[in-house]
Amino acid sequence: MPEAASASATRPAVTDTLRAVQTLSDALDRMHSGMKGDMDMNASDLATLRMLTIREHRGQIVSPHDVASHLRISTASTTKLIDRLVATGHLERRPHPSDGRARVVVLTDKSRREFFRHFGVHLAAMSAVAATYGDAELATINGFLEALTEAITTAP
C-alpha cells in the first residue's frame, strides 16, 4: 500500500468517509439497476444517457468516440449501441457544429422526459437531503466529490 494511502487509512474519519462512499455507490448501482429495468435498457444504454445528460448540462458536445471512451468499449460496439438508442427514439445523430464531416449524438426530448420521469423521485429525495446543508458545507462536499471523481477517473 502506498505510504499516503496507508497513513490516511489509519484515520477513522477517512475510513468512515470511504465506507460512506462505498455505501452510496451501492445505492446508486441499485437505483440504476431499477431504472434500466423500468426503461428496458442495458447498463451501457443507461450509462450513455447519464453521460449525455451530464455533458449536456455542462454545455459539452458528445461524439460517438466520446461515448466509446467513456464506456471503454470498441467503436463497433458503440455504433451498435447508438443505432439501438436512435431506433428507440432516445438519441439523434447530428452534424458536428464546427466540423461538417463529424457527427455528434444528442438526447431527444423523449429521452429526457423518460430519464427524468424515472430519476425524478430519486433526484427529489437527494435534493431534500442537500437542502439540509449550508452553502459552505455543500461547497466542501462538492469539492470532495469532484476530487474523488477525478481520482477515480484518472486511476489506471
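Structure above, values below:
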{"item": "Order by protection proxy (mean Cβ within 10 Å, highest first), peptides 11-17, 79-85", "result": "79-85, 11-17"}
{"item": "Nonlocal amide H pairs with Leu91, under 5 Å, H built at 1.01 Å", "result": "Val86, Thr108"}
{"item": "Among (i) 232; (ii) 156; (iii) 104, the entry derived from the coordinates for volume of the Cα convex hull per residue in Å³", "result": "(ii)"}
{"item": "Amide proton proximity set for Val62, modelled H, under 5 Å, gap of 5+", "result": "Val105"}
{"item": "Gyration tensor (alpha-carbon) shape descriptor, region 42-107, a/c threshold 1.5", "result": "rounded"}
{"item": "Part-to-part distance (alpha-carbon centres) for region 119-136 and region 71-104, which is given in Å", "result": "33 Å"}
{"item": "Prolate/oblate/rounded call for region 109-156, Cα gyration tensor, a/c under 1.5 rounded", "result": "oblate"}
{"item": "Low-density loop cleavage sites - chymotrypsin sites (Phe, Trp or Tyr not before Pro) in region 59-156, where at most 12 other Cβ are within 10 Å (DSSP)", "result": "Tyr133"}
{"item": "Taking Leu148, Leu52 and counting other C-beta atoms within 10 Å, the order from fewest to most", "result": "Leu148, Leu52"}
{"item": "³J(HN,Hα), Karplus 6.51/-1.76/1.60, whole Hz, each residue of region 130-142, x for Gly, Pro", "result": "4, 5, 7, 9, x, 4, 5, 5, 5, 5, 5, 4, 4"}
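Coordinate-derived values only; no laboratory data. These figures come from a predicted structure and were not determined experimentally. With ideal geometry, Cβ positions are generated from the backbone for all residues, glycine too; neighbour counts draw on all protein chains shown.
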